[in-house]
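Peer 1: Okay, handing you the structure first.
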Amino acid sequence: MFDVRCSFFRSVQRLAVALVVVLSARTATAAEPGRPPIQEDLPFWGILTFIGFLWVCKKLLWDWWLGSMRERERQEAAAIEAAEREHRTAGELLSDRIGRLEAVDAEIREILAEAGRDAAQTRDHILESARREAEAAKQRALREIRRSRDQALSAIFAQVTTRTIENARQRLATQLGDEDQRRLIDESLTQFRQQAG
């Protein structure tokens with residue numbers, strides 16, 4: 001960039017030198033009729049003033065201007081480099097954060113899957129426990145029903161037996177004699193001993 005500017009000013013400087021040479025050659029030749037003398041030639045003095053301005057600028061301002069342009073270019077290059085560094089750092093941080101987010105996402109998926117498995121196991125355990133408790137309650141109820149039935153049947157049988165014996169005693173007392181009663185008692189005792197023995 002600076003080389004282009006330098007070559008531009010060198011080209012202008014060469015052009016100015018060429019113009020000075022041409023103009024001085026013109027003044028060296030005899031004055032042509034109808035042309036003003038060199039002192040009154042405005043384009044000549046305009047070009048000469050411009051060349052003088054360029055020479056003063058080159059001597060007084062050129063080094064300062066080039067230095068400030070180089071400094072500005074250096075600052076811009078440093079700013080661009082810093083921006084690129086920041087961009088790379090931001091890209092690395094973004095990649096790191098994306099990696100961490102993906103890891104967290106995978107961990108969350110794993111935790112949810114594990115929670116689902118745990119929930120299924122807990123559900124199965126609760127169902128199995130409820131099934132066992134229901135079966136145990138059913139068995140207890142069946143045992144209680146059998147026991148109550150057996151007690152009721154025993155009570156009914158005892159009442160029927162007592163009434164039957166009482167009815168039989170009353171009938172036998174009226175129909176049987178003393179000898180028949182002794183014989184029935186002996187038979188009953190014999191049967192009772194055989195069943196007990």
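Every number in this text was worked out from the coordinates using simple rules, so none of it is lab data. These numbers come from a predicted model, not from an experiment. So basically every Cβ, Gly included, is an ideal-geometry build from the backbone, and we count neighbours across all protein chains shown.
Peer 1: How far, in nm, would the chain grow between residue 140 and residue 96 when pulled straight, counting 0.36 nm per residue and subtracting the alpha carbon separation?
Peer 2: The residue 140-residue 96 span can extend by a further 9.4 nm.
Peer 1: Give or take rounding to whole Å, what are the principal axis extents of the alpha carbon atoms in segment 62-154, in descending order?
Peer 2: In descending order, the Cα extents are 133, 13, 6 Å.
Peer 1: Output the direction-averaged projected area (hull surface divided by four) of the convex hull of the alpha-carbon atoms of segment 101-175, in nm². If you can, show how the numbers build up before the last one.
Peer 2: Values: hull surface 19.6 nm².
Averaged projected area of segment 101-175's Cα convex hull equals 4.9 nm².
Peer 1: Now for a different question. Please report, largest first and rounded to whole Å, the three semi-axes of the ellipsoid equivalent to segment 42-91, where each semi-axis is the square root of five times an eigenvalue of the C-alpha gyration tensor.
Peer 2: Semi-axes, largest first: 43, 10, 4 Å.
Peer 1: Identify the GluC sites (Glu not before Pro) of segment 46-146 meeting these criteria: DSSP loop state and at most 16 other C-beta atoms within 10 Å of the C-beta.
Peer 2: Here no GluC sites (Glu not before Pro) fit, given the DSSP loop and packing criteria.
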